[in-house]
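Here's the structure we're looking at; comments come further down.
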Amino acid sequence: MSEPARHPDIKPTAADIRLVIAASSAGTIFEWYDFFIYGTLAAIIGKTFFPSGNATLEMLLVWAGFAVGFGFRPLGAILFGYLGDKLGRKYTFLVTVTLMGIATAGVGFLPSAAAIGTAAPIIIILLRVLQGLALGGEYGGAAIYVAEHSPPGRRGYFTSFIQASVVGGFVLSLIVVLTCKALMGQDTWAAWGWRVPFILSMGLLAISLWMRLKLSESPVFRAMQEEGELAGNPFIESMTYPGNPKRLFVALFGVGAGLTVIWYTAMFYGLSFLKSAVRLEDTTAEIMAGLSAGLGMIFFIYFGKLSDRIGRKKSIVWGYALTLVLLFPLFWGISNFGNPDLAAAAKRAPVAVSGPDCRFDPFADKQKTNCGKLIADLAGTGVAYSLGESSELTLTVGGKALPVATDYAWDDKAKRTGQLKAWLATEGYKLDKITPSFGQLLKIFGCMFALMALSGMTYGPVAALLTEMFPPHIRYSSMSIPYHLGTGWFGGFLPLIAAYIVAKVGDPFSGLWYAWGVTLVALIVAIWGLPGGPPRDFGEDAPA
């Protein structure tokens, strides 16, 4: 097949481009809202659909459900990438946004596990599968649609609004949750009010469909249709087109995996960290995460626009390198600024557990040994601890041995938890939820805002970069598959993997090593494989 035309005669007007960006961005915000509302309400979903009596297990099951949606994104990318390259960009992402809206509303109407038993977690996992399939087709369609309407010299800037819209979905989910909580009493919210944000997705779906139905097909796709240059089998051709295997590898490990672990660490790990390790009051933590994300969207647009001038590679590589340097210091700052008393207590009076059989299974309803029960209780408090081996079970705080062997209510979890918190309180551990001072909140915001800057450096230019990396006739498939493999499997599993590492190790900072390691791999692959120099269309002296 000859190379498809890259510069079709069909030229969108400025008004057309504004409508394209607005409709595509709005639809992306709504679709990611649908996907992220699950993570935003992770705690209440755990209690409603995965009740176990084990707070750590409930949260791991919730994050497992979160990860399932990401795990199915590559399959959605294959399916809808095929349709996007065969039938068109516009109609494909109309289907994906409809599927997402219906699946999200289903969570809001689903009865609890108390009402229908094990059917509840099974159904919610199936709904997450549908969400993952839909999202696998949405991002590539919206990004390519905007890119193929954009003049080459402004492609990074115009597509950066799609990148910022992903963050917008997270911000919208927090705004809706906080608004609903403010308008309802706590009892109403806990009983049924939390379902409202899910059900609202039906209204967002109607708005998105109304806007997107006004759009015309991409000029690049129309040109390929007229010239009879559509791919026969986009999936097969994506795997066999000259030079594409290397490009797919780079897009997966050098782009999708790296930028997503940074973003999910900044947002979801950061929000969970504020609520657990820092002990911030839940609403305060959500406001901090929402403000940093909302204001941080400017970085996505800034670095997308900057990439039109300096090239895509520089921004991404420097973002990875700075993340490796700053990731741990920024989270240390969040901990020390947010709850300095708790941070000081951990340094002054470290907690240590040792025993003959200190095995802890985060996925078990009940731990088999007393040492496992003690570790589970500590993991539930968010307090850091170290593990050791000894002939007798001991718990020390600042070197002082506590009477766990004689005074601990091993068969009553509620009493155990209360006793543990009382012991820790006598050693300076303040475990009640807190609202820091305004000055402390500003410092926390500064750290989280810096995390958003790192995310913007790597995420802002990416839609333009991936569009330019692949030939137009297989672009939807070639771009979507590695992107969703990288973001779905490396990023989507981040909360689950990080939570598991923290539960096993006992250090709330230990989960960051997963993100750090993936970012290091992404940096190496990006330096090796990403095309440098100024932006250019596929085929214009682009390296294979």
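Once fully extended, how much extra length lies between residue 505 and residue 437, figured as 0.36 nm per residue of separation less the alpha-carbon to alpha-carbon distance?
Contour length minus the Cα-Cα distance gives 21.4 nm.
Would you count, across the stretch 348-426, every pair of lysines whose alpha carbons are under 19 angstrom apart, provided the pair is eight or more residues apart or spans two chains?
9
May I ask you to sort 13, 179, 92 by Cβ crowding, counting other Cβ atoms within 10 Å and putting the fewest first? Let's see the in-between values first.
Working: 13 8, 179 12, 92 24.
Ascending Cβ contact count within 10 Å gives the list 13, 179, 92.
Would you work out the charge dipole size for the stretch 348-426 about its Cα centre, treating the Cβ of every Lys and Arg as +1 and the Cβ of every Asp and Glu as -1, and quote it to the nearest 20 debye?
That gives the stretch 348-426 a dipole magnitude of about 240 debye.
Mind checking the angle between helix 73-86 and the chain's longest principal axis? C-alpha axes, 0 to 90 degrees, to the nearest 10.
The angle comes out near 10 degrees.
Can you give me the distance in nm between label points at residue 537 and residue 414, each placed 7 Å from the Cα along the Cα-to-Cβ direction?
7.0 nm
Over the alpha carbons of the chain, what is the largest minus smallest coordinate on each principal axis, giving the biggest first in Å?
Answer, in whole Å and largest first: 82, 48, 43 Å.
Scaled to the compact-protein estimate 2.2 N^0.38 Å, what is the alpha-carbon radius of gyration of the stretch 473-522, rounded to two decimal places?
Numbers: Rg = 14.2 Å, N = 50, 2.2 N^0.38 = 9.7 Å.
After normalising by residue count via 2.2 N^0.38 Å, the value is 1.45.
Rounded to the nearest 0.05, what FRET efficiency is calculated for residue 324 and residue 154 with R0 set to 22 Å and r the Cβ-Cβ distance? It would help to have the intermediate numbers written out before the result.
On the way: r = 31 Å, r/R0 = 1.41.
That gives a FRET efficiency of 0.10.
Per DSSP H run of at least 4 residues, take -39500 (n - 2.57); add these up for the chain, divide by its residues and hand me the 222 nm value, nearest 500 deg cm²/dmol.
Value at 222 nm, helices only, nearest 500: -22000 deg cm²/dmol.
Compute the length gained on full extension between residue 366 and residue 86: take 0.36 nm times their separation in residues and subtract their Cα-Cα distance, giving the result in nm to one decimal.
95.6 nm
Based on the alpha carbon coordinates of the stretch 348-426, what radius of gyration and maximum Cα-Cα distance (Dmax) apply, in Å?
11.5, 33
DSSP beta bridges in the chain, what fraction antiparallel, as a percent rounded to 5?
Restricted to the chain, the bridges split so that about 55 percent are antiparallel.
Efficiency by 1/(1 + (r/R0)^6): what FRET value for residue 186 and residue 430, r their Cβ-Cβ distance, R0 = 22 Å, to the nearest 0.05? All intermediate terms of the calculation are to be shown ahead of the outcome.
Details: r = 23 Å, r/R0 = 1.04.
That pair, residue 186 with residue 430, gives E of 0.45.
Between residue 44 and residue 391, take the C-beta separation as r, use R0 = 41 Å, and let me know the FRET efficiency to the nearest 0.05.
So the FRET efficiency works out to roughly 0.45.
Of 86/313; 47/90; 433/504, which sit over 32 Å apart, Cα to Cα?
With Cα atoms farther than 32 Å apart: 47/90.
Just so you know, all these numbers are worked out from the coordinates, no wet-lab data involved. Because the structure is a prediction, the values reported are computed rather than measured. Please note: Cβ atoms are built from the backbone with ideal geometry, for glycine as well, and neighbour counts cover all protein chains shown.
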